[in-house]
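Enquirer: First the structure, then my questions, so here it is.
The values are calculated or read from the model by the stated rules, or taken from the named source; none is laboratory data. Keep in mind it's a predicted model, so treat the numbers as computed, not measured. FYI the Cβ positions are ideal-geometry reconstructions off the backbone, even for glycines, and counts take in every protein chain you see. Side chains included, ligands, DNA and RNA excluded: accessible areas come from the protein's heavy atoms. Shrake-Rupley method; radii C 1.70, N 1.55, O 1.52, S 1.80 Å.
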Amino acid sequence: MSDDPVTIPEHGRDATELLADIESMHAEDIDWRGGRAFSLVYNPGDETLERLLDEVASAYLHDNALNPFKYPSLLRMEQEIISMACSLMGAPPRAGAITSGGTISIFCAVHVAREEARSRGVAEPQLLTPSTAHPAFAKAAEYLDIEQIRVPVGDDGRADVAAMVDAIGPRTGLVVGSAPCYPYGVIDPITDLAAAAAERGVLFHTDACLGGWLLPWWERLGEPVAPWDFRVPGVTSVSADMHKYGYTFKGASIIAFRTRELLERQVFWYDDWPGGLYASSTPAGTRPAPPIAGAWAAINHLGVDGYLRMAGQVLEATRKMRAGIAAIDGVTVSHEPDMSVMELCVDPASELAVDIGGVGDVMDDRGWHLDRQQGGLHLMLSPYHLQVMDAFLADLADAVAAHGASRGKAATYGGVA
Ligand SMILES: *Cc1c(COP(=O)(O)O)cnc(C)c1O
């Protein structure tokens, strides 16, 4: 690439030639289909589902879900997705909305809590989160101009209930827990946190962006799953991303509330302009139709038996990964994960001198993509990882046995170019 600023080409380019260019550029991107990515894309390894999603997306590509009354099909799909998601999590069938992602679902929960607190006379509400809460909470706090109080988690990586409860004060508008948190994959003690919030008349949000579409299936498979959803008294909102373990493509998340009244606080009505009444239930105006149609197709195609099958594969991949890590001297998981997400770190009980950044570098060189965190390497498992688990663990054992000093790749998650 040259440094000259790119401008619009004077003459339009041939479609075939453009497609060839795009194909070669895309080939440089992360290879998630081969199971080499451990973040970003949740690969079900299901070609039929992928083809179905391609077709659905293309059928709805040019449509706009801004005005659902012009699109009875999208209206129906949206209502059905909300109802299915709410039933999965134990919320009333119509107390939710579809957003473009977890960050926006969290934004909605924080906004509703701010408005609810203000209606109780709390002029400057605060947001109370464990230190492992997703950055989306800090972002929402900044955009919505409310203060975030971050409480350090305990040694097990879970929210410290006593410290969280101590931090609840007259200004607290929302208490947060994760199911699970992104960095360590551990589930916060939602029951205790939500009870403490409810006792003080404060709203409680479970961030189940990661777990919302996986934990219910693990529970049905008989796995011990710590309570996190609306069955827990005091939980007033939940975020759950369909574009993660719901296996649809990006742009689909659910924000659900315990009551319709809470949901209605996020609906925006406006008619003080010449263009007629404008109403929307999330920050988006124009909304792409494919994420709605895609989520509807994915959920209906997989069904309960499909999700159970996928969840069983993720469980098996998780067990193999845990056992594989345990068998390699020098590394361990930093906290006992409750799900298929974990942090790989140096084992303090081992005599071996391991530089976890150096291990990550060797894995990079072998084509595996492991995100760096402050404390180690991040792993998020999808069904397809079962296919590559043995190869991964063999490379990991090699990398731990022989690596140099870390090349110093920084801990990163999102990115800005
Ligand atoms: C992914 C994630 C989010 C944010 O979701 P986006 O879809 O990336 O906006 C929030 N919380 C947790 C725990 C997540 O894993």
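Enquirer: Mind checking which residues of segment 132-160 are over 15 Å from residue 174 (Cβ atoms) and open to solvent by less than 40 Å² (accessible area, probe 1.4 Å)?
Expert: Those that are over 15 Å from residue 174 (Cβ atoms) and open to solvent by less than 40 Å² (accessible area, probe 1.4 Å): 132, 153, 154, 157.
Enquirer: Now for a separate question. Identify all residues within segment 226-247 that are part of a loop (DSSP other than H, G, I, E, B) and touching a strand residue (DSSP E or B) at 6+ places or on another chain (Cβ under 9 Å); write none if there are none.
Expert: Matches in segment 226-247: 228, 229, 230, 232, 234, 235, 236, 242, 243, 244, 246.
Enquirer: What are the residues in segment 174-204 that are more than 15 Å from the ligand (Cβ to nearest atom) and among the hydrophobic types (A, V, I, L, M, F, W, C), if any? Step through it out loud before you land on a result.
Expert: The first filter runs over segment 174-204 and keeps only residues more than 15 Å from the ligand (Cβ to nearest atom), leaving 175, 189, 191-204.
Within segment 174-204, 175, 193, 194, 195, 196, 197, 198, 202, 203, 204 meet the criteria.
Enquirer: So, of the residues in segment 248-260 that are assigned to a loop (DSSP other than H, G, I, E, B) and away from the ligand (no atom under 13 Å from the Cβ), which turns out to be most open to solvent (accessible area, probe 1.4 Å)?
Expert: If we take residues in segment 248-260 being assigned to a loop (DSSP other than H, G, I, E, B) and away from the ligand (no atom under 13 Å from the Cβ), then 258 is most open to solvent (accessible area, probe 1.4 Å).
Enquirer: Hey, another quick one. Identify, please: which residue in segment 92-126 is part of a loop (DSSP other than H, G, I, E, B) and over 26 Å from residue 286 (Cβ atoms) and is, among those, nearest to the ligand (Cβ to nearest atom)?
Expert: Ranking the candidates gives 125 first.
Enquirer: Can you tell me which condition residue 66 does not meet? The list is (1) out of contact with any helix residue (DSSP H, G or I) (no Cβ under 9 Å at 6 or more places or on another chain); (2) open to solvent by 50 Å² or more (accessible area, probe 1.4 Å); (3) at pLDDT 95 or above, and all the others hold.
Expert: (3) is the only condition that residue 66 fails.
Enquirer: Answer with yes or no whether residue 263 is under 23 Å from residue 122 (Cβ atoms), in contact with a Leu (Cβ under 8 Å, 6 or more places away or on another chain) and either within 12 Å of the ligand (Cβ to nearest atom) or not assigned by TED's automatic domain parsing to the domain that holds residue 380 (or both).
Expert: For residue 263, the condition - under 23 Å from residue 122 (Cβ atoms), in contact with a Leu (Cβ under 8 Å, 6 or more places away or on another chain) and either within 12 Å of the ligand (Cβ to nearest atom) or not assigned by TED's automatic domain parsing to the domain that holds residue 380 (or both) - is not met.
Enquirer: Now a separate question. For a quick check of your reading of the model, give me the residue pairs whose first member lies in segment 127-142 and is more than 22 Å from residue 99 (Cα to Cα) and in a loop (DSSP other than H, G, I, E, B), whose second is more than 11 Å from the ligand (Cβ to nearest atom) and of a type outside the set (Lys, Arg), with beta-carbon atoms closer than 6 Å and at least 6 apart or on different chains.
Expert: As it stands, the answer is 131/152; 131/153; 132/153, since those pairs meet every condition given.
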